[in-house]
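What follows is a set of notes on a single structure, which appears directly below.
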Amino acid sequence: MPLRVGLLTAAHLHVGGYAAACLAHPDVELIGMWDDEPGRAHEFADSRGIPFFSDFQDLLSKVDAVVVTSENMRHAELAVQAAQAGKHILCEKPLAATEEHGQQILHAAQEAGVKLMTAFPCRFSPAYQNLKRRVASGEIGAIRAICATNRGRCPFGWFVEPHLSGGGALIDHVVHVTDLLRDLLEEEPIRVQAQVGNNVYGNNWEDTAMLTLEFASGIFATLDSSWSRPQSFHTWGDVTMNVVGDNGVIELDMFGQSIQRYAAGNPTHASHGFGTDLDALMVDDFVRACLDDRPVRVSGEDGMQAARVALAGYESVRTGQPATVAV
């Protein structure tokens with residue numbers, strides 16, 4: 001039997017990749033999409049031949065699992081209802097933009113005994129997995145520091161409405177690389193020092209965020225998680241890591257596998273990637289976990305701990321001092 005999946009809103013930019021991965025997966029039946037904004041849902045769903053459900057509970061009754069791709073501040077509302085209905089959940093990052101929302105999601109999934117996976121496709125990158133193997137082998141010796149980035153273009157829309165997003169560039173881009181750092185080093189950041197700015201667009205939300213993460217072992221990492229790239233930039237983020245060890249350095253450019261085309265007309269620039277489809281790998285892991293009843297590779301706890309680093313970043317900005325990361 002295939003895994004019957006429903007999409008919960010067309011709000012997030014990444015929903016297109018997840019929908020494509022579900023439609024292409026041999027063991028998935030994409031039942032439909034629900035959205036409380038029918039206009040955006042019809043535009044998305046009709047172009048892909050995905051049925052639209054106007055009744056949320058009707059869709060839940062027909063699926064085994066959901067993919068939550070709503071605005072950040074609505075994750076808890078939708079994920080909790082899905083868990084209470086006994087549905088497995090793949091939730092867009094950040095898992096939650098507040099500690100309270102995160103606890104609601106984790107508790108509901110645990111009580112219902114359903115799978116809860118955080119959408120961190122970067123964890124499935126072959127380039128990152130290669131880096132991880134080389135670090136684990138001791139190729140560059142003990143790790144001392146990491147310089148990382150996740151810089152991209154501003155998505156605008158609800159992403160720059162804090163009551164829907166929970167913040168700006170910091171909450172949006174910090175969590176991806178934080179998850180990689182936690183997985184690579186196998187330890188938690190304990191303190192965060194953060195600075196933010198709005199000098200790119202000059203609005204009341206941060207478009208620039210620079211963080212320093214401290215680990216108990218003495219390793220530290222810097223992270224540029226800014227919306228500092230122009231709208232013509234070729235990816236949503238660049239995700240780079242410069243890992244410094246006692247015996248060498250390993251550099252990662254996760255989205256470097258592409259060719260760039262420049263033309264005289266509009267659009268003047270296009271990027272054509274030829275690397276691995278990370279969304280497809282992530283969706284496959286979620287599907288296999290649900291069908292084979294095994295743990296997901298990136299848990300809800302992973303998602304919440306990455307979110308806590310971003311929340312500590314906001315606390316550091318508020319106080320002007322390093323902030324302790326909650327556990």
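Here are the numbers:
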item	result
Criterion (modelled with pLDDT under 95, assigned to a strand (DSSP E or B), hydrophobic (A, V, I, L, M, F, W, C) and assigned by TED's automatic domain parsing to the domain that holds E139) met by exactly one of A270, A264	A270
Segment 33-55: number of residues that are crowded, with 19+ Cβ neighbours inside 10 Å and either on the phi > 0 side of the Ramachandran plot or touching a Phe, Trp or Tyr at 6+ places or on another chain (Cβ under 7 Å) (or both)	5
Pair list, Cβ < 7 Å and 6+ apart or interchain, from segment 33-45 residues that are over 19 Å from V63 (Cα atoms) to residues that are among the hydroxyl-bearing types (S, T, Y)	P38/S54
Residue among V5, V63 that alone is β-branched (V, I, T), crowded, with 17+ Cβ neighbours inside 10 Å and over 22 Å from D277 (Cα atoms)	V63
Tally of residues being assigned to a helix (DSSP H, G or I) and buried (at least 18 other Cβ atoms within 10 Å of the Cβ) across segment 285-314	19
Test result for L281, at pLDDT 95 or above and part of a helix (DSSP H, G or I)	yes
Filter result (under 23 Å from the mean Cα position of the chain (by Cα) and hydrophobic (A, V, I, L, M, F, W, C)) within segment 120-144	F120, C122, F124, A127, L131
Any hit, segment 122-141, residues being out of contact with any Ser or Thr (no Cβ under 6 Å at 6 or more places or on another chain), in a loop (DSSP other than H, G, I, E, B), at positive phi and at pLDDT 95 or above	yes
Failed item in (1) under 17 Å from D302 (Cβ atoms); (2) touching a helix residue (DSSP H, G or I) at 6+ places or on another chain (Cβ under 8 Å), with D207 passing the rest	(1)
Some residue of segment 235-254 being out of contact with any Ser or Thr (no Cβ under 8 Å at 6 or more places or on another chain) and at positive phi	yes
In segment 128-159, residue nearest to S217 (Cα to Cα) [restricted to those that are buried (at least 17 other Cβ atoms within 10 Å of the Cβ) and without any contact (Cβ under 8 Å) to a residue 60 or more places away in the chain]	K132
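The values are calculated or read from the model by the stated rules, or taken from the named source; none is laboratory data. Note that this is a predicted model, so its numbers are computed, not measured. Cβ sites come from the backbone with ideal geometry, for glycine too, and all protein chains shown count toward neighbours.
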